[in-house]
Amino acid sequence: MACPDGMRDALLVHNTVMRECLTDHCGYEVKTIGDSFMVAFEHAANAVKFGLTVQEKLANAIWPASLLELEHCAWSNEGPWCGLRVRVGVHCGEVDVQLNPLTGRYDYFGNTVNKAARMEGTCVGGAVAVTQEVLDEFEDLSNMCVIDMGAVELKGVQGAVSSFLLLPESLTGRREYVRSQLLLKREERAKVRTITVQSLTSDCLSAHSCGSEERIQSLQHCPSATVAVVEAVMHEYQDARAMSDSVNSALAKVVTSTERTHGTVVSLQGSRVAVSWNAAKACSTHVENSLMFVR
């Protein structure tokens, strides 16, 4: 962003809208991470109404003038568009609820949470992405625009998931744009994929040519270490620079995620990175956490 002051003010507008809509639709703010909100609702319908209302209110909010000078934040009658573009992912189902004794607030865990997060990742700014289970909670869909985006593969979820984009009636002008952007996003994502290998022995690590001899020897003293090998696979790009930037971006996310989960980068060679977690026992959860930001 070229306007740090404008962005700071824009986030205040964004957060205010989010919390107003959350109150209006009886939601619970679980936590915030940067500019992201994790929220929970008793009913799927409330979650969808929250997402649709957020899109409407953001399009009509008063944004800093410096933000509106940016190409993707400027006012446009086609949509309409105005200000920050946010994406919302929704899924419904059973969750594991735990009370944090330090904060006194509840946190949510489980497959439902993971699928909702993955749906947000498949979405594009300005729309709401939902699963078939969420749509099944509605008897009447006449007050919203529903775009069937077909089946999509989600990391950590078995089998393809039926996905839909939703828009409020007032923003149906965004239909073709968000649909085309999502298809483009899926195409780009397919060009950089990841391969993981969990709980490698030091011999396997050496066979994969990932890691210095000194690092491999150190891993031998911790035979239960969890190791992930991630490779960005380069497909046919028309633009060689775009290919390189995309691969570097994917690997950079792996390195950052590894640090956040207290892992160690074993090596970074070409399009492949190897990372490890020296734990009392092999922990696949750490591997999943380290890769969750690789889209």
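Tabulated results
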{"quantity": "Considering residues of the stretch 90-115 that are open to solvent by less than 80 Å² (accessible area, probe 1.4 Å) and of a type in the set (S, T, N, Q) only, the residue modelled with the lowest pLDDT", "calculated": "100"}
{"quantity": "Residue among 102, 84 that is in contact with a His (Cβ under 6 Å, 6 or more places away or on another chain) and over 18 Å from residue 162 (Cβ atoms)", "calculated": "84"}
{"quantity": "Selection count where residues are aromatic (Phe, Trp, Tyr) and surrounded by 14 or more Cβ atoms within 10 Å (Cβ to Cβ), scope the stretch 16-45", "calculated": "2"}
{"quantity": "Residue satisfying condition, being in contact with a Lys or Arg (Cβ under 8 Å, 6 or more places away or on another chain) and assigned to a loop (DSSP other than H, G, I, E, B), within set 93, 89", "calculated": "93"}
{"quantity": "Among (1) touching an Asp or Glu at 6+ places or on another chain (Cβ under 9 Å); (2) modelled with pLDDT of 90 or more; (3) open to solvent by 30 Å² or more (accessible area, probe 1.4 Å), the one test that residue 174 misses", "calculated": "(3)"}
{"quantity": "Residue 126 at positive phi and surrounded by fewer than 17 Cβ atoms within 10 Å (Cβ to Cβ)", "calculated": "no"}
{"quantity": "Residue check for residue 156: outside any helix (DSSP H, G or I), under 14 Å from the mean Cα position of the chain (by Cα), surrounded by fewer than 18 Cβ atoms within 10 Å (Cβ to Cβ) and not aromatic (Phe, Trp, Tyr)", "calculated": "yes"}
{"quantity": "Index of the failed condition, residue 146 passing every other in (1) open to solvent by 50 Å² or more (accessible area, probe 1.4 Å); (2) in contact with a Phe, Trp or Tyr (Cβ under 8 Å, 6 or more places away or on another chain); (3) among the β-branched types (Val, Ile, Thr)", "calculated": "(1)"}
{"quantity": "Some residue of the stretch 100-112 being in contact with a helix residue (DSSP H, G or I) (Cβ under 9 Å, 6 or more places away or on another chain), more than 25 Å from residue 158 (Cβ to Cβ), of a type in the set (A, V, I, L, M, F, W, C) and free of Cβ contacts under 8 Å to residues at least 60 places away in the same chain", "calculated": "no"}
{"quantity": "From 87, 118, 189, residue being among the basic types (Lys, Arg), open to solvent by 40 Å² or more (accessible area, probe 1.4 Å) and at pLDDT below 95", "calculated": "189"}
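Residues checked against (1) open to solvent by 40 Å² or more (accessible area, probe 1.4 Å); (2) not in a helix (DSSP H, G or I):
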| site | (1), (2) |
| --- | --- |
| 48 | no, no |
| 51 | no, no |
| 54 | no, no |
| 58 | no, no |
| 62 | yes, yes |
| 67 | no, no |
| 71 | yes, yes |
| 79 | no, yes |
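The values are calculated or read from the model by the stated rules, or taken from the named source; none is laboratory data. Values in this document were obtained by computation on a predicted structure and should not be read as measured data. We place every Cβ from the backbone using ideal geometry, glycine too, and count neighbours over all the protein chains shown. In case anyone asks, the SASA skips ligands and DNA or RNA and just uses the protein heavy atoms, side chains included. Shrake-Rupley method; radii C 1.70, N 1.55, O 1.52, S 1.80 Å.
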